[in-house]
Amino acid sequence: MVYLAFLSTQTLLSSAFLFVIEFSPYFNGGPDFALPSGPIGTQAPLLWVACFFLLLAVISCSGLVKLRGGLITTLSAWTIALRPIMIFVETHIYGIYIFRQVAKLPGREKAVLENWDINGIPCGLQAWHPRTIAGTTYRVTDYCIAVNENVLDRAADRAESIVDLGYAAFLELSSSERKEVTEIDFQVRVFNPEETFVPDTSHWLSAPWQSIGVITGFPDHPHFVPGGKPPDYRKTLRWPVTFQ
């Protein structure tokens, strides 16, 4: 569920930097420039590593080829997934709620501040953008869990993040649309992965999108009006953990 394109972009930049560092000894900026007589790869072995990661990063960032399934999935499951990285642990995987916002305009609707499309696929602000907005996924998750567990004070605290997201979505509208918008519908789906690794992850997201309320009162007094109950999560490591 967690979109890792920002890792791809970091890999792209760092591998390009490594490529330049490894290749730089063969450039002196003058007329006497000459490549080495032997194969460059034998004299700068890290150059092959840099080229590999550079190519992998370009493919990952392009979105044209999905590195999922088969050998790539197996390698990921038995390498990356087993590394003791505290950034992505069970707390960030099980029972996570993704969101989308739909602005209600006269006679039509418009998806705003998109992080996931209607099919639950990462899009829009996730690629080549700061992680701030996508990172609020976990505050939205805490809100949904609090509602399902009937912890009202926690739900009220996390609802402030939903208001912030709604106002950010409001600002994304054109000036004419801002005058017409009546409310922004806030919708969620919950991510329920299997306990064991399986190649097919298509059924892990609940379907369809479910409205949990609306943000209204634009532009001066935006506030969240709770609506339907969030879909149930199967398992979570975020409860009863308290996040400040």
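Taken over the stretch 199-213, the criterion of being open to solvent by less than 40 Å² (accessible area, probe 1.4 Å) and either in contact (Cβ under 8 Å) with a residue 60 or more places away in the chain or more than 30 Å from residue 171 (Cβ to Cβ) (or both) is satisfied by 204, 205, 209, 212.
Here is a yes/no grid of residues against (1) small (Gly, Ala, Ser); (2) touching a strand residue (DSSP E or B) at 6+ places or on another chain (Cβ under 8 Å); (3) open to solvent by 70 Å² or more (accessible area, probe 1.4 Å):
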{"position": "111", "(1), (2), (3)": "yes, yes, no"}
{"position": "118", "(1), (2), (3)": "no, yes, yes"}
{"position": "132", "(1), (2), (3)": "no, no, yes"}
{"position": "141", "(1), (2), (3)": "no, yes, no"}
{"position": "149", "(1), (2), (3)": "no, no, yes"}
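Restricting 133, 162 to residues that are modelled with pLDDT under 95 and outside any loop (DSSP other than H, G, I, E, B) narrows the list to 133. Once the stretch 159-178 is narrowed to residues that are more than 20 Å from residue 225 (Cα to Cα) and open to solvent by 60 Å² or more (accessible area, probe 1.4 Å), the residue that is farthest from the chain's Cα centre (by Cα) is 176.
Under the condition of being of a type in the set (Val, Ile, Thr) and at pLDDT 90 or above, which residue from the stretch 200-218 is farthest from the chain's Cα centre (by Cα)?
Taking the stretch 200-218 as the starting set, the residues that turn out to be of a type in the set (Val, Ile, Thr) are 201, 212, 214-216.
With the extra rule that they be at pLDDT 90 or above, the set shrinks to 212, 214-216.
Values: 212: 21, 214: 22, 215: 22, 216: 26 Å.
Checking each candidate, the answer is 216.
The values are calculated or read from the model by the stated rules, or taken from the named source; none is laboratory data. If you're wondering where the values come from, they're calculated on a predicted model, not measured in any experiment. Virtual Cβ from ideal backbone geometry, glycine too; neighbours counted across all protein chains shown. For accessibility, only protein heavy atoms count, side chains too; no ligands or nucleic acids. Shrake-Rupley method; radii C 1.70, N 1.55, O 1.52, S 1.80 Å.
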